[in-house]
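Below you'll find the structure, written out as structure tokens, and then a few comments.
The values are calculated or read from the model by the stated rules, or taken from the named source; none is laboratory data. What you see is a predicted model, and the numbers here were worked out from it, not measured in a lab. Note that we place each Cβ from the backbone using ideal geometry, even for glycine, and neighbour counts take in every protein chain shown. When the accessible area is computed, the model is the full protein with side chains, heavy atoms only, and any ligands, DNA or RNA have been set aside. Shrake-Rupley method; radii C 1.70, N 1.55, O 1.52, S 1.80 Å.
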Amino acid sequence: MRRWIAAALLMSPLLAQAKLPVVASFSIVADVAREVGGDRVDVVSLVAPDQDAHVFQPAPADVKKLAAAKVFVVNGLGFEGWMTRLSKSAGFKGMTITAAAKVKPLAMAEHDEHEGHDHGHDHDHGKVDPHAWHNPQNVVLYADAMADGFAKADPDGAAYYRQRAQAYKAKLGELDAWAAKSLAAVPADRRKVLTSHDAFAYLGARYKIRFMAPQGVNTDAEASAKGVAALIRQVKKEKVTAVFFENMADRRLLDQLSREAGVKVGGKLYSDALSADPAASSYLQLFRSNVNAMLATMK
Ligand code: ZN
């Protein structure tokens, strides 16, 4: 009996410190998971900052990470085409939280206006656009999904998760209100942006910005020469003022477009990943940095 008590006393500080092991598919959902989970979770991201989740190929080390986790947080909407096979390889028996489960999805962008644009490949990946995080109102839903999921996996922390999600959602609300006000001050015909892959439809829909991209919703789709030529004509016709490269994508195609359409490079947009760059080391910073970069060229 005494030995049992001694062992319990010895164990309890360790138990108190044991954090909920969480694996997140990529850096943006990992950041939201840390915001909501705080000190009670230990979050590991599979796809690192500045890396491209579309073309990610899990390595044996990733299988190991997931096998050791209790919770797997993914974006969903078909973004992580590799997640089912990874879960199987890891023998993952824990809880999967789909951050975007309650998001009203946008249909995948069609590139009808660029005749000859080869978008056949896109359709292999699903019918909806997965980049829902570019609208902070959707990230509010991500935070709720994580608070609910973490509370189920770790019931003692339920109130803690709810309170942290609430605080984070307040920040998202401020960010959204600031972006809406700042962008509404720009004349509609100047709210046009050219970037490399079609990652910003949710941002465009929320703040009425027209985004154009030579590549489809998936970065593994090739931009055809004919599609690029059509886009150059369109950029000239619509008087687009700036093109932006992305933190996780090759910028060569964008540089070519910039040269051939005679449009300056407005800078960098952070699309599908956080960055080692401190300007976008959290989702809140990423979003603010993207809006500021666009505002600077639209003025
Ligand atoms: Zn993408």
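A compact table of results
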item	result
Which of PHE72, PHE211 is most accessible, then next, and so on - probe 1.4 Å	PHE211, PHE72
Degrees between helix 27-37 axis and first principal axis of the chain (Cα, 0 to 90, nearest 10)	40
The chain, accessible surface, carbon-and-sulfur percent (1.4 angstrom probe)	55
Equivalent ellipsoid, the stretch 189-268 (semi-axes from 5 times Cα gyration tensor eigenvalues, Å)	17, 16, 12
Residues of type lysines that LYS102 reaches as a straight line, Cα spacing below 16 Å, ignoring anything fewer than 8 places off in the same chain	LYS169
Global geometry of the stretch 24-64, whether rounded, prolate or oblate, following the gyration tensor of its Cα atoms and the 1.5 cut on a/c	oblate
Sequence-distant residues sharing a close amide H with VAL128 (under 5 Å, placed H)	MET108
Normalised contact order of the chain, rounded percent, pairs of Cα under 8 Å and 6 or more residues apart	18
Integer Hz, Karplus 6.51/-1.76/1.60 couplings in order for the stretch 183-191, x for Gly and Pro	6, 5, 6, 8, x, 3, 6, 9, 8
Theoretical ellipticity at 222 nm over the chain - DSSP helices of four or more residues, -39500 (n - 2.57) apiece, nearest 500	-14500 deg cm²/dmol
Placed amide H near THR96: partners under 5 Å, 5+ positions off or other chain	PHE72
Amide proton proximity set for LEU194, modelled H, under 5 Å, gap of 5+	MET212, ALA242, PHE244
Protein-only accessible surface order, largest first, of LYS237, LYS226 at 1.4 Å	LYS237, LYS226
Cα-centre dipole for the stretch 172-227 with unit charges at Cβ (Lys and Arg positive, Asp and Glu negative), debye to 20	340
3J(HN,Hα) from dihedral phi, the stretch 43-57, Karplus parametrisation 6.51/-1.76/1.60, rounded to Hz, x for glycine, proline	9, 10, 9, 6, 8, 6, x, 6, 9, 9, 5, 4, 10, 5, 10
When each of LYS181/LYS264; LYS65/LYS171; LYS192/LYS299 is checked by Cα-Cα distance, pairs over 22 Å	LYS181/LYS264; LYS65/LYS171
In Å², nearest 10: area of THR241 left accessible to a 1.4 Å probe	40
Heavy atoms of ASP52 accessible to a 1.4 Å probe, total area in Å² rounded to 10	30
Under Karplus coefficients 6.51, -1.76 and 1.60, residue-wise ³J(HN,Hα) of the stretch 228-241 in Hz, glycine/proline x	5, 4, 5, 5, 4, 4, 5, 4, 5, 5, 8, 6, 5, 8
Rounded to the nearest 10 Å², the accessible area of LYS70 at probe 1.4 Å	120
Sequence of GLU174, GLU260, GLU80, GLU238 from largest to smallest accessible area, 1.4 Å probe	GLU174, GLU260, GLU238, GLU80
Share of Cα-Cα pairs in the chain lying beyond 26 Å, as whole percent	47
Charge dipole of the chain about the Cα centre (unit charges at C-beta), most positive-ward option of VAL193, TRP178, ALA68	TRP178
